[in-house]
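One structure below.
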Amino acid sequence: MIEVHELTKRYGDTIAVNALSFTVRPGRVTGFLGPNGAGKTTTLRMLLGLVSPTGGSATIEGRPFCDRPRGLRHVGVLLDAGDVHVGRSGWDHLAALARGNGIPRHRVAEVLAEVGLTEAARRRVSGYSLGMRQRLGIAAALLGDPPVLLFDEPLNGLDPEGVLWMRGLFRRLAGEGRTVFVSSHQMGEMEDTAEHLVVIGRGELIAAESVARFAARATRPDVTVRTPDAAGLATVLTDEGAAVLADGEGLLTVTGLPAARIGELACAHRISLHELASGGRSLEKAFMELTADRVDYLTGASQSPTEKHEEHGQRLAEGAR
């Protein structure tokens with residue numbers, strides 16, 4: 001189990017994480033969500049002792065992670081798949097980790113097989129693709145057969161088969177009674193994989209609840225409309241106060257009006273409809289609504305102050321390792 005209590009991190013006048021408290025329980029996949037600059041990576045690094053908190057506490061299985069000399073036997077971690085000596089082979093990388101953590105050597109072959117890298121095990125990591133490096137990082141996390149696993153953006157670089165495999169792996173690990181904590185920006189995958197969520201924004205807790213309950217917070221469900229007069233209907237609906245997104249093939253996604261009202265307006269303006277369906281509420285829509293006022297980093301904007309301080313703190317921590 002992971003327990004975070006009043007966890008706080010300041011970089012000068014900037015608060016990256018602010019009195020954050022939550023619990024991640026075993027036996028289920030918990031997703032960790034937040035906009036860019038929300039403090040997710042800083043939180044994970046404080047959990048692992050790579051960044052010192054300004055206040056509060058973060059424990060794994062009742063103890064700070066840095067108190068465990070053979071950490072990989074207790075916590076499996078994937079923070080950055082690129083954080084590996086590229087001159088080593090995948091086998092040598094894992095063998096070194098095994099020796100340093102008192103893990104039997106046979107586990108190297110086992111985890112390489114589990115992530116599908118047996119054939120590439122003796123090749124240098126410099127020749128690995130992004131997806132292969134991601135799989136190697138996952139193998140390292142699994143190496144000590146730990147009860148707790150932390151993954152930061154584990155799906156980056158994986159092809160569709162790899163994403164499907166990863167989804168099954170998360171569920172299997174949780175089904176074995178392990179604590180599985182996954183930070184990701186891929187809402188669709190979290191909706192399909194996670195059972196519980198911890199959502200933060202600007203370093204503060206927004207929600208800690210089931211995926212279904214969080215998704216139900218969306219207040220404005222989408223409606224899908226298909227019509228031969230998409231431009232005409234879009235004008236009518238926009239005049240009525242709806243937000244309309246067109247895909248250029250007669251398909252409109254409408255927010256702000258219920259399906260019944262859209263049908264009435266189309267009938268009143270003698271516009272034919274070929275499809276009218278309510279899309280319901282989704283995790284992505286709830287996330288966008290509930291974090292809208294806590295986004296530090298927007299498309300086209302420069303890096304947020306929080307992210308800059310997070311990066312600076314991470315570099316300091318990495319330099320001290």
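For segment 40-51, filtered to residues that are out of contact with any Lys or Arg (no Cβ under 7 Å at 6 or more places or on another chain) and assigned to a loop (DSSP other than H, G, I, E, B), the residue that is nearest to Glu153 (Cα to Cα) is Leu48.
This table checks each residue for (1) within 27 Å of Leu164 (Cα to Cα); (2) without any contact (Cβ under 8 Å) to a residue 24 or more places away in the chain; (3) not small (Gly, Ala, Ser).
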position: His185; (1), (2), (3): yes, no, yes
position: Asp192; (1), (2), (3): yes, no, yes
position: Ile200; (1), (2), (3): yes, no, yes
position: Glu204; (1), (2), (3): no, no, yes
position: Arg226; (1), (2), (3): no, no, yes
position: Asp229; (1), (2), (3): no, no, yes
position: Leu233; (1), (2), (3): no, no, yes
position: Glu240; (1), (2), (3): no, no, yes
position: Ala243; (1), (2), (3): no, yes, no
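Note on segment 84-159: enclosed helices (runs of 4 or more DSSP H) holding 2 or more residues that are closer than 29 Å to Asn36 by Cβ are 130-142. Kindly indicate whether Leu164 is among the aliphatic types (A, V, I, L, M) and surrounded by fewer than 18 Cβ atoms within 10 Å (Cβ to Cβ). Answer is yes for this residue. Residues that are crowded, with 20+ Cβ neighbours inside 10 Å and on the phi > 0 side of the Ramachandran plot do not occur anywhere in segment 167-183. Within the bounds of segment 36-58, is there any residue that is touching a strand residue (DSSP E or B) at 6+ places or on another chain (Cβ under 7 Å), closer than 20 Å to Phe151 by Cα and without any contact (Cβ under 8 Å) to a residue 24 or more places away in the chain? There is no residue in segment 36-58 that is touching a strand residue (DSSP E or B) at 6+ places or on another chain (Cβ under 7 Å), closer than 20 Å to Phe151 by Cα and without any contact (Cβ under 8 Å) to a residue 24 or more places away in the chain. A count restricted to segment 18-67 and to residues that are within 19 Å of the chain's Cα centre (by Cα) and β-branched (Val, Ile, Thr) stands at 7. Going through segment 115-145 one residue at a time, which ones are of a type in the set (S, T, N, Q) and either surrounded by fewer than 22 Cβ atoms within 10 Å (Cβ to Cβ) or touching a Phe, Trp or Tyr at 6+ places or on another chain (Cβ under 8 Å) (or both)? The answer is Thr118, Ser126, Ser129.
Only one entry in Val111, Val75, Val115 is in contact (Cβ under 8 Å) with a residue 40 or more places away in the chain and of a type in the set (Val, Ile, Thr), namely Val75. Counting the residues of segment 5-26 that are of a type outside the set (S, T, N, Q), under 25 Å from Leu169 (Cβ atoms) and either surrounded by fewer than 16 Cβ atoms within 10 Å (Cβ to Cβ) or outside the structural domain of Leu290 (by TED's automatic domain parsing) (or both) gives 1.
Looking only at residues of segment 81-99 that are buried (at least 16 other Cβ atoms within 10 Å of the Cβ) and farther than 14 Å from Leu117 by Cβ, we find that the one that is nearest to the chain's Cα centre (by Cα) is Leu97. The residue that is surrounded by the most Cβ atoms within 10 Å (Cβ to Cβ), among those in segment 215-267 that are among the hydroxyl-bearing types (Ser, Thr, Tyr) and farther than 30 Å from His196 by Cβ, is Thr227.
Residues of segment 173-204 being at pLDDT 95 or above and outside any strand (DSSP E or B), which ones? Answer for segment 173-204, where residues must be at pLDDT 95 or above and outside any strand (DSSP E or B): Leu173, Ala174, Gly175, Glu176, Gly177, Arg178.
The values are calculated or read from the model by the stated rules, or taken from the named source; none is laboratory data. Predicted model, so just to flag it, every value in this text is computed and none were measured. Positions of Cβ are backbone-derived with ideal geometry, glycine not excepted, and every protein chain shown enters the neighbour counts.
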